[in-house]
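Worksheet: the structure to be examined is printed underneath.
The values are calculated or read from the model by the stated rules, or taken from the named source; none is laboratory data. Being a predicted model, the structure only gives us computed values, none of them experimental. Here the Cβ is made from the backbone with ideal geometry for all residues, glycine too, and neighbour counts use every protein chain on show. Ligands, DNA and RNA are excluded from the accessible area calculation, which covers all protein heavy atoms including side chains. Shrake-Rupley method; radii C 1.70, N 1.55, O 1.52, S 1.80 Å.
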Amino acid sequence: MKDKNKAILFLISSALGFAFMNLFVKMSGDLPTMQKCFFRNFVAMFFALGVMLKEKVNFIPPKASVKYIAIRCIAGSLGMIANFYAIDKLVIADASMLNKMSPFFAIIFSYIMIKEVPKRYQVACVVTAFIGALFILKPGLSFSFPTFIGMLGGAGAGMAHTNVRIATSKGAPKPLIIAYFSAFTSLMCLPWFIGDFAPMTGFQWFCMIFAGLSATVGQFGITSAFALARASEISVYDYTMILFSTTLGYFFLGEMPDVFSFVGYAIIIGAAVTMFILSNREDHINAIKESN
């Protein structure tokens, strides 16, 4: 129970870190998306390398995990670029919520990649979450290209999370996965960063550095959380990010999501809470069966 409480605190801290990352990305203004992604990952890369050195983690990943680390890097990078683009164009609470569709996409990709058949309640929750996403996407009302890109960002994050799980099961340490991802994304963004570099004001430098620091807090918070407790026990607390993003967006940017978005938030979070409760109940029943 003590570890679980620590995990919950780590996950809420992670949600707050990522909410501040989104805020700083938005406040940095009209800088190119790839420039923002470069700074976010370049800062995080050094912290990840520092953790690897401190924990004496081998820089060479286990052979069986290389393929999955590579997919994690590619999917995560594309998902992050899509998320940053959506943050620039949408209310940050909407962009954050679309990105939090990732657990539901992870269920889909787990079935595709490792034939992990979802339970009936998981399928129902995935369908419900996509209905909630439609309220944010608003097809036929105020649907826009950025909302679609934000949804793709959630898909990329879901694919990334699936491959993190597979890579760790193959023996890859989490700090190594974070370091490889940060380094890969930095290198991927570097040509655009150099070729399309936009001069930055002092305030924009401040925003970019703190976006990277906030992302580091978020990344290591979520890594620490899932090292202490199962995802099924704590993942629902990650949705506190929506509360943080909405509050920060309102007070710092004067943003307020519309009624349709709030309905979408309620449906998606409701689906996540339902999946959380049913998954824990299933684990409890299985534990009783095993003990008998």
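Classify segment 1-61 as rounded, prolate or oblate, taking a ≥ b ≥ c as the square roots of the eigenvalues of its Cα gyration tensor: rounded when a/c is under 1.5, otherwise prolate if a/b is larger than b/c and oblate if not. Intermediate values should be presented prior to the final figure.
On the way: a/c = 3.86, a/b = 1.26, b/c = 3.07.
Taking the square roots of the gyration eigenvalues as a ≥ b ≥ c, segment 1-61 is oblate.
With a 1.4 Å probe and every protein chain left in place, work out the accessible area per residue of segment 1-154 in Å², rounded to a whole number.
46
Leaving out ligands, DNA and RNA, and with a 1.4 Å probe, what % of the accessible surface on the chain is carbon or sulfur?
C and S fraction of accessible area: 70 percent.
So how much slack lies between Ile277 and Ile209, counting 0.36 nm per residue of separation and subtracting their Cα-Cα distance, in nm?
Length gained, Ile277 through Ile209: 20.7 nm.
Can you list, bin by bin at 10 Å, the percent of alpha carbon pairs in segment 20-131, starting at 0?
P(r) over segment 20-131, rounded to whole percents: 11, 31, 32, 23, 2.
Where does each of 128-136, 191-199, 252-260, 61-69 land if you order them by average Cβ count within 10 Å, highest first?
Per-residue mean Cβ counts within 10 Å order the peptides as 128-136, 61-69, 252-260, 191-199.
Quick one: Debye curve from the alpha-carbon atoms of segment 174-274 only, equal weights, vacuum; give me log10 I(q)/I(0) at q = 0.17 Å⁻¹ to two decimals.
Ignoring solvent entirely, the Cα scatterers give -1.11.
List, in the order given, every pair from Lys4/Lys289; Lys67/Lys170; Lys6/Lys174; Lys26/Lys89; Lys26/Lys138; Lys63/Lys170 whose Cα-Cα distance in the structure shown is over 20 Å.
Check vs 20 Å cut-off fails for Lys4/Lys289; Lys26/Lys138.
Please report Rg (one decimal) and Dmax (integer) in Å for the Cα set of the chain.
18.6, 67
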